[in-house]
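One structure is given below, encoded as structure tokens.
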Amino acid sequence: MPYVKKLNEAFARILKSHGIATANRLHRTLRNFVVHPKDKVRDEEKTELIYCVPCKNCSRSYVGETGRKFGPRIKEHKKEVDSFTAGTQTRASRARESSVTHKSAITDHAMKENHVINWDKAKVVDREAQRQTRWIKEALWIRKTPMCMNRDAGSHQLSHTWDQVISRSRAPSSCKQSRRDQDVRRTSKRCH
Ligand SMILES: [Zn+2]
């Protein structure tokens, strides 16, 4: 029977006294049918996007782009970071490793600063199917993220004529982006 708090327990007791066993099922409302617990699960399946990964120990974030699924991409980053920061290294080998430029700027940051990356807070900040445009958006995100751990400006060499546009838009802190920002971007894209 559908689960209604308190009422069910009382009803079950009555039925039990008559030798009838009951089983509850969650009441299916329109809300729990339509609203999903969190977009997180669905984010992992998303492709063609810009993402942002913050650090747990400081306010720096990493900005990246991928055409592939978000979930596996983040796992790749994590695997790389873990392989260098497994804790099995001595101080000397850690120092030696940190002098080498690693594959990803996240790994560099975690190693050099001895910081922990906040994988749980990694999120999709923008979507773009067209690869060249996605690179431009990545470069925009890198430039407008105040504390960015990226070593370079991204795959696209962004012209400094964008600086005025970027400075006029609200700079995100730790990957935060308001719904309004996303809407503005979508609107401006349609205008081209
Ligand atoms: Zn940090």
Would you mind getting me the FRET efficiency between K112 and K78? Use the beta-carbon distance for r and R0 = 25 Å, nearest 0.05. 0.90
State which entries of K78/K121; K46/K103; K69/K112; K46/K123; K78/K123; K79/K137 exceed 20 angstrom in Cα-Cα distance in the structure shown. K46/K103; K69/K112; K79/K137
Once R0 is set to 22 Å, what does the formula 1/(1 + (r/R0)^6) return for the Cβ-Cβ distance between W119 and R151, expressed as a FRET efficiency to the nearest 0.05? 0.65
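Read-outs throughout are calculated quantities, based only on the coordinates presented, and are distinct from any laboratory measurement. Note that the structure is predicted; figures quoted are calculated from it, not measured. Note that each Cβ is placed from the backbone with ideal geometry, even for glycine, and that neighbours are counted across all protein chains shown.
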